[in-house]
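What follows is one structure encoded as structure tokens, with my remarks underneath.
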Amino acid sequence: MHLLRLFLTVIAVSLLSINANAQPQADKKLEKKLRELINDFKGDIGIYVYHPGRNKEVAINADTLFPTASIVKVPILVGLFDKINKGELAYHQSLLYNDSLQYGGSGLMQYFKDSAETDISVLASLMISYSDNTTSLWSQSLAGGGQSINEVLAKYGFKNTRVNSRTPGREKDRELYGWGQTTPREMAQLLLLIRRQQILTPAACDKMYRLMTHIYYDDYALSQVPPYVQTASKQGMVDASRSELVMVNAPHGDYVFYIATKNNTDTSWKKTNEAWMLTRRISALLWQYFEPRYPWQPAADAGKFMED
């Protein structure tokens with residue numbers, strides 16, 4: 001079994017390289033299944049799915065702009081690592097936290113004591129793993145601000161993915177989309193570049209990918225992937241917009257998907273939220289579709305471990 005998994009991993013990596021520049025083909029069968037799932041959703045939804053090994057994609061409103069919410073922390077991470085690559089920062093550079101940096105919402109650093117010692121690696125880890133807002137804004141500042149991060153994104157061909165908050169000249173965009181904006185296709189492509197070691201440097205990509213595999217928020221799309229299969233992801237949540245970016249390192253090849261929603265009618269924060277329920281169904285469908293030889297579903301009482 002170990003040798004089989006090793007063989008499949010080698011094949012998956014090879015296919016990632018082979019199809020890196022090939023034009024994806026539409027997966028009409030999968031698209032039909034997804035459209036049936038989202039048909040009654042009360043809000044706006046966009047989906048992009050890509051399987052590099054098959055070189056097939058599904059694009060449903062995939063080039064429409066959506067709020068990122070906390071998924072903007074992936075571009076912030078890229079901007080932070082760009083500064084580290086340039087030698088302007090160091091990954092384990094010491095920092096001193098103070099109360100003026102405190103920002104509410106998700107995360108842990110807001111509860112740190114004033115004058116607590118920390119470092120950039122802790123900021124990056126908390127920003128991605130726990131979606132920490134305090135460390136995210138701090139990281140955005142260390143990365144040179146939203147404008148600097150947006151310049152890095154533009155350099156790599158991203159036309160729509162941008163940081164809006166605390167970024168001069170993007171005030172109107174912030175009113176429309178909040179902290180950041182993206183399209184399902186672009187954000188999935190950003191994660192794919194990280195996976196393929198094609199943005200910044202291979203070492204930076206490896207570390208960023210590792211960070212994205214340690215996610216606390218696993219009640220949504222990740223809950224429908226076997227716990228022994230590695231995933232890299234980021235979640236974004238505000239009242240009327242719930243979105244998720246996921247890459248699954250599946251036995252028969254990676255697949256990446258981005259589910260974006262906005263103008264949602266259901267703005268509740270219960271586990272039965274319509275967008276979250278739909279995200280779980282989409283993730284389960286994708287696993288079953290791409291990995292039919294590995295049937296899996298959550299245990300019957302898995303819901304007891306989900307936040308009400």
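Values quoted throughout were computed directly from the atomic coordinates according to the rules given, and no laboratory measurement underlies them. As the structure is a computational prediction, the values presented were derived from the model and not from experiment. Here Cβ is always computed from backbone atoms with ideal geometry, including for glycine, and neighbour counts include all displayed protein chains.
Of all residues assigned to the range 48-61, none qualifies as being touching a residue at least 12 places away in the same chain (Cβ under 8 Å), surrounded by 18 or more Cβ atoms within 10 Å (Cβ to Cβ) and out of contact with any strand residue (DSSP E or B) (no Cβ under 9 Å at 6 or more places or on another chain). For the range 102-116, the criterion of being farther than 24 Å from A188 by Cα, among the aromatic types (F, W, Y) and buried (at least 22 other Cβ atoms within 10 Å of the Cβ) is met by none of the residues. Within the range 277-288, no residue that is without any contact (Cβ under 8 Å) to a residue 40 or more places away in the chain sits with its Cβ atom under 6 Å from a residue that is buried (at least 17 other Cβ atoms within 10 Å of the Cβ) and assigned to a helix (DSSP H, G or I) at 6+ positions apart or across chains. Of the residues Y255, Y289, the single one that is at negative phi and within 14 Å of the chain's Cα centre (by Cα) is Y255. None of L34, L30 is under 27 Å from D239 (Cα atoms) and either in contact with a strand residue (DSSP E or B) (Cβ under 7 Å, 6 or more places away or on another chain) or surrounded by 24 or more Cβ atoms within 10 Å (Cβ to Cβ) (or both) except L34. Of R174, R195, R166, all but one fail to be in contact with a helix residue (DSSP H, G or I) (Cβ under 7 Å, 6 or more places away or on another chain), over 20 Å from S125 (Cβ atoms) and charged (D, E, K, R); the exception is R166.
Yes/no per residue for (1) basic (K, R); (2) farther than 15 Å from Q235 by Cβ:
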position	(1), (2)
H252	no, yes
K271	yes, no
W276	no, no
R280	yes, no
W287	no, yes
E291	no, yes
G303	no, yes
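Among the strands (runs of 3 or more DSSP E) confined to the range 176-276, the ones with at least 1 residues that are among the β-branched types (V, I, T), in contact with a strand residue (DSSP E or B) (Cβ under 9 Å, 6 or more places away or on another chain) and without any contact (Cβ under 8 Å) to a residue 60 or more places away in the chain are located at 231-238, 241-248. Those strands (runs of 3 or more DSSP E) of the range 29-147 in which 3 or more residues are of a type in the set (D, E, K, R) and under 22 Å from the mean Cα position of the chain (by Cα) are absent. Within the range 272-283, which residues are under 17 Å from Y217 (Cβ atoms) and under 20 Å from the mean Cα position of the chain (by Cα)? Within the range 272-283, N273, A275, W276, M277, L278, T279, R280, I282, S283 qualify.
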